[in-house]
Structures are given as structure tokens and as C-alpha cells.
Amino acid sequence: MIPRYSRPEMAALWTDQAKWERWLQVEIAVTNAWADEGVVPAADADKIAANAAFVVKDIDRYQKEVHHDTLAFLRSVNEHLGDEGRWVHHGLTTSDVWDTASALQLRDAASLLEADLEALESKLVDLTRAHKHTICVGRTHGVHAEPTTFGLKVAGWVDETRRNQRRLAEAKAQIAVGKISGTVGTHATVPASIEERVCAELGLGVEPVSYQVVQRDRHAQFVSTLAGIGASLEKFATEIRHLQRTEVREVEEPFMPGQAGSSSMPHKRNPEKCERICGQARLLRAYATTSLENVALWHERDISHTSTERIVLPDACLLLDYMLDLFTWIVGGLEVFPERMLRNLDASYGLVYSQRVLLALVEQGGMQRDAAYKLVQAHAMTAWNEERAFLDLLSADPTVTSNLSPDQLQDCFDADFYLRNIDGSFERLGI
């Protein structure tokens with residue numbers, strides 16, 4: 001991932017140095033396990049644990065010669081060891097080290113993303129509490145529907161974020177799995193006891209049947225989960241983008257002192273941070289597609305997946321980490337305009353109360369629903385087309401006034417009616 005969209009702590013997990021450190025951690029753990037089995041002399045295992053090291057530049061140089069990551073890595077490691085170096089990588093195949101070390105990276109990356117989600121949830125909870133009773137118009141198909149509250153809108157984001165936290169926890173558990181089972185996964189050259197000891201030491205689960213690789217449905221689930229979280233962020237950001245349009249202007253993302261929105265138009269204040277998130281969510285979905293295509297490998301394995309995972313796994317983690325941090329910042333500094341929300345609510349001539357009028361005609365006036373619907377709809381279309389107050393049109397209709405008293409009709413236009421059950425939704429969320 002380019003530096004522009006990378007945060008230091010997550011980026012540190014995906015450097016070459018970090019990758020090779022985890023490879024070495026796996027190799028040392030395996031050597032110690034062999035020593036416990038009595039195969040590797042304890043003194044040799046101690047020397048390996050104490051002295052094994054590598055030089056990234058040397059590995060890079062060796063790879064140009066051998067065209068093989070593991071052999072280049074092992075050559076660099078052995079340059080720091082004596083005769084005991086012969087035990088490094090004993091009985092293993094590349095995927096034993098690669099997949100187990102990758103599991104460590106992905107587990108640690110998931111932990112950072114979990115913290116990101118916690119931070120976002122906290123800011124969302126603050127926002128929804130602050131605007132629990134801030135009335136705004138609800139829209140369906142982009143058209144005025146009925147009154148709601150901005151807090152209830154954001155409460156839905158809180159719930160979705162919590163679902164994403166549970167999804168990430170499950171994906172983390174599924175990806176935090178290692179394999180030390182040798183070529184094609186038969187344990188012929190490395191017994192299952194070694195695998196179990198190493199994975200336990202590293203804090204990983206064991207792939208029950210690994211073939212030569214950890215099965216890639218795990219990676220597909222992990223990256224798809226990240227893409228799903230990105231899709232949620234896109235959903236939230238899209239709502240802010242719509243609400244920031246000039247004609248609406250109910251909210252605005254933060255706009256910092258000295259910031260500019262356009263190179264040519266000084267007045268521009270664009271939702272460019274939210275637009276950035278929407279664009280990046282597309283990239284995450286593409287990574288998920290690639291990960292799903294990596295599930296089907298030839299026989300016990302091929303390496304068609306590795307060339308993509310070198311890009312997809314780090315970039316997906318880096319990108320979502322950046323997106324979560326950015327959107328948390330947006331939520332924390334979001335400007336909300338309740339007065340504009342009320343003006344917009346009134347902009348459709350009172351039509352948002354049409355269902356209440358319909359129900360009142362049925363419940364209190366005794367009309368048949370179909371007849372009441374047609375009556376209300378006719379006045380609603382007139383209000384739209386002639387830009388007239390819906391209540392005035394209804395009040396002038398004898399059929400309406402013969403079924404509803406002036407007070408009963410007026411009650412239908414009370415926005416507070418729509419707030420009477422809001423508390424129940426918040427109680428469900430524990431907010």
C-alpha cells in the first residue's frame with residue numbers, strides 16, 4: 001500500500017523485516033520442538049535460538065540468484081550459525097513456515113483492526129446519543145418518507161459496527177491457524193506432535209488437514225470480512241455525502257482551517273474524505289474477489305495464490321486500518337445542522353404525514369382503507385404539483401372534515417409522534 005494510505009503501526013507488521021522475523025520465530029520454535037523430541041541436540045537448539053539471525057539485504061540478493069524465498073532466507077540464517085545450522089528447517093517445506101508466519105501477521109493485524117473498530121464504535125455511540133431526538137426527514141428512494149431522528153440513523157451504524165466486530169473476531173480465529181505437516185501434509189517428515197507444540201507456543205490453532213498449505217477458504221473469509229467492513233464504511237460515508245449536498249446540507253464532514261475544496265472555486269466544501277472511503281471500499285472488494293479465487297488450488301497445492309497474497313493480504317489490512325481511522329475522525333468532527341433538518345422536513349409541504357392521515361381516516365373516521373388511500377393520495381399529488389400545504393388541502397375537503405375533527409387532523413401533523421418509540425431501539429443497543 002502506498003504511504004498515503006498507510007498508518008505506521010499496521011505498516012510495521014508488513015515490512016520485509018517483520019515477515020522474516022516471523023519466519024525465524026517459526027523455525028526456532030520447530031527446532032526447539034525437535035529438541036524436545038530428542039532429534040535435535042539440546043545444545044544445538046539453544047545455539048540456534050540464541051544466534052539465528054538474518055540480513056534482509058542478503059536475502060534480497062540471494063533471491064536474485066536462487067529465485068526461491070525460503071532458500072535465500074535459510075542461506076542468510078545459516079551465515080549466522082555453525083554446524084548447528086543443519087537443523088534449521090529440518091523436515092519442513094516452505095508452506096510450513098510461510099503459512100504459519102502469515103497467520104501470525106494476520107492475527108496481529110486483526111488485533112489492530114479490532115482496536116480500530118472499538119474506537120469507531122465509541123465515536124458513533126457519542127454521536128447517536130447526542131442526536132437521539134434530533135428530528136430529520138427519513139428518505140426512501142431519495143424521496144421524503146416520514147420523520148425520523150438523526151440519532152436513530154446513526155444507531156443503525158452502531159449496530160452494524162458491532163456486527164462487524166463479531167465478524168472480525170470470527171475471521172481472526174479462523175485465520176490464526178498454522179501448519180507444520182511437511183510436504184503434502186502427511187506428517188511423514190515432521191510428526192503431528194511437533195506441529196501441535198509449535199502452534200501452541202505461537203498461540204495459533206492447528207489446521208486439522210492442511211495438505212501442503214493452510215486451506216485458503218480461511219484467507220478468503222478473512223479478506224471478505226475486511227471487504228464487508230469496508231462496505232459498511234462506504235454505506236455510512238455515502239449517507240454523509242448525500243446529506244452534505246448543497247440542496248440538503250444537514251451534515252458536513254470536518255473541514256480544517258486552511259483546507260481547500262477546489263483549485264478553481266474557492267467556495268467549494270466537498271465531502272472528499274467520505275468520497276475517498278467510498279473509492280477505497282471498491283478496492284477492498286476486489287481483494288476479496290482475488291482471495292475467493294485463491295481457494296481453488298491444484299491438488300495438494302500450487303503457488304498461484306502466493307503472488308496475489310503478497311499484495312492482497314498486507315494491502316487489505318493496511319487499507320481498512322486507514323479507512324477505519326479516517327472515518328472515526330470524520331464522525332468525531334461531523335457537523336450536524338438540526339435547524340436545516342427541520343427546514344428540509346417542512347420542504348415537502350407536510351406530505352411526510354400522509355400515512356398518519358390515512359390511518360386516522362380508517363381508525364377514527366371509519367373509512368375503508370382503499371378509499372382513504374385514494375383520497376389522501378389525490379391531495380398529496382396536488383400538494384406536490386402545485387406546491388401547496390398538504391394540511392390546507394385536507395382541511396378544505398368536506399370528505400376529510402366529515403370524518404376527522406380539526407384537532408384530530410392537526411394531530412396527524414405532529415412530528416413528535418414519531419419519537420415515541422425511539423427509546424426502545426436505543427435500549428436494545430444498550431445506549
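So that you can scan it fast, the table gives a plain yes or no per residue for (1) outside the structural domain of I135 (by TED's automatic domain parsing); (2) surrounded by 19 or more Cβ atoms within 10 Å (Cβ to Cβ); (3) under 20 Å from V352 (Cβ atoms); (4) modelled with pLDDT under 95:
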position: P147; (1), (2), (3), (4): no, yes, yes, no
position: L152; (1), (2), (3), (4): no, yes, yes, no
position: V158; (1), (2), (3), (4): no, yes, no, no
position: R162; (1), (2), (3), (4): no, no, no, no
position: R166; (1), (2), (3), (4): no, no, no, no
position: A171; (1), (2), (3), (4): no, yes, no, no
position: V177; (1), (2), (3), (4): no, yes, no, no
position: S181; (1), (2), (3), (4): no, yes, no, no
Considering only region 132-153, I want to know if a residue exists there that is touching a helix residue (DSSP H, G or I) at 6+ places or on another chain (Cβ under 8 Å), in a helix (DSSP H, G or I), within 27 Å of P314 (Cβ to Cβ) and touching a residue at least 24 places away in the same chain (Cβ under 8 Å). no
Scanning region 204-231 for residues that are closer than 26 Å to I277 by Cα and touching a Ser or Thr at 6+ places or on another chain (Cβ under 8 Å), the one surrounded by the most Cβ atoms within 10 Å (Cβ to Cβ) turns out to be V223
Collect the residues in region 384-410 that are surrounded by 14 or more Cβ atoms within 10 Å (Cβ to Cβ) and either free of Cβ contacts under 8 Å to residues at least 24 places away in the same chain or hydroxyl-bearing (S, T, Y) (or both), keeping them in residue-number order. L393, S395, D397, T399, T401
So which of V125, V143 ends up being out of contact with any Phe, Trp or Tyr (no Cβ under 6 Å at 6 or more places or on another chain), under 30 Å from W384 (Cβ atoms), modelled with pLDDT of 95 or more and not assigned by TED's automatic domain parsing to the domain that holds W384? V143
For region 353-368, the count of residues that are of a type outside the set (F, W, Y) and either in contact with a strand residue (DSSP E or B) (Cβ under 8 Å, 6 or more places away or on another chain) or part of a helix (DSSP H, G or I) (or both) equals 10
Of the listed residues (A45, A53, A33), the one being farther than 30 Å from A115 by Cα, touching a residue at least 24 places away in the same chain (Cβ under 8 Å) and in contact with a Lys or Arg (Cβ under 7 Å, 6 or more places away or on another chain) is A33
All positions within region 234-283 that are more than 19 Å from E335 (Cβ to Cβ), aliphatic (A, V, I, L, M) and surrounded by 15 or more Cβ atoms within 10 Å (Cβ to Cβ): A281, L283
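Could you run through region 195-237 and say how many residues are over 15 Å from the mean Cα position of the chain (by Cα), in a helix (DSSP H, G or I) and touching a residue at least 40 places away in the same chain (Cβ under 8 Å)? First the steps, then the outcome.
First, the residues of region 195-237 that are over 15 Å from the mean Cα position of the chain (by Cα): 195-219.
Within this subset, residues satisfying the condition of being in a helix (DSSP H, G or I) are 195-202, 217-219.
Within this subset, residues satisfying the condition of being touching a residue at least 40 places away in the same chain (Cβ under 8 Å) are 197-199, 201-202, 217-219.
Final tally of qualifying residues: 8.
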Pull up region 345-383, narrow it to residues that are touching a residue at least 60 places away in the same chain (Cβ under 8 Å) and touching a Cys at 6+ places or on another chain (Cβ under 7 Å), then point me to the one that is surrounded by the fewest Cβ atoms within 10 Å (Cβ to Cβ). R356
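The values are calculated or read from the model by the stated rules, or taken from the named source; none is laboratory data. For clarity, every value in this text was computed on a predicted model and none was experimentally measured. For neighbour counting, all protein chains shown are included, and Cβ atoms are generated from backbone atoms with ideal geometry for every residue, glycine included.
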